[in-house]
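Worksheet for the structure shown next.
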């Protein structure tokens, strides 16, 4: 089955249209004020409406309070919620119950030991996203353009999503090494911070879809 692709941090109707035309499966709307890709609730509502019927929308939240969660569910009406902070399994379960939406939970990875945390969310999160662990002083939990050692995912149980410094040049190898069923990119398809490049988006999607048809590489 072809790997699914998520273009995260979209901020304009045009890049949503371009992503959909190029074959993206998801677009991510970041509602986190510290991010250069942040969109306000009303902006996210408009963008999700543009995406509807063309490509599935994901609301990306970082340790959101109940007010934001409720606002996103009622006004943005995304297809999926992505939690990219320090949300506990209990909090993930509560957000699912509150919204009735499937939830993707990001797990930051620096090494093999971090991967085991995914088991805490088994039966709770609908999808696990393994992302590069940010430095302690980094302002953002994700979208930092930093990869991690994909071999750390050798024990990860598929299906899972992969993020962290992916680019059109590296996504093929990432898929072959990890067997990820979804790849998530943000800074790797930008010409400037927070500004997506349609050509890079299309190139990334082509590379991901082509690699998903190849055999998974054996861990060395």
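Bear in mind that the values in this text are calculations on the coordinates, not laboratory data. For clarity, every value in this text was computed on a predicted model and none was experimentally measured. So basically every Cβ, Gly included, is an ideal-geometry build from the backbone, and we count neighbours across all protein chains shown.
Summary table
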quantity	calculated
The chain, relative contact order [Cα under 8 Å, separation at least 6], %	20 percent
26, 148 arranged by Cβ crowding within 10 Å, fewest neighbours leading	148, 26
Extension reserve of the residue 65-residue 119 stretch, reckoned as 0.36 nm per residue once the Cα distance is removed	17.0 nm
Semi-axis lengths (Å, descending) of the ellipsoid that matches the C-alpha gyration tensor of segment 1-103	22, 15, 12
Alpha-carbon centroid distance for the pair segment 62-90 / segment 2-39, whole angstrom	17 Å
Cβ-based exposure ranking for 8, 127, in which fewest neighbours within 10 Å come first	127, 8
Å³ per residue enclosed by the Cα convex hull of segment 161-202	65 Å³
Counting DSSP beta bridges with both ends in the chain, the antiparallel % (nearest 5)	5 percent
log10 of Debye I(q)/I(0), alpha-carbon scatterers only, for segment 4-211 at 0.11, 0.14, 0.15 Å⁻¹	-0.45, -0.75, -0.88
Length-normalised contact order for segment 1-78 - Cα pairs under 8 Å, 6+ apart - percent	30 percent
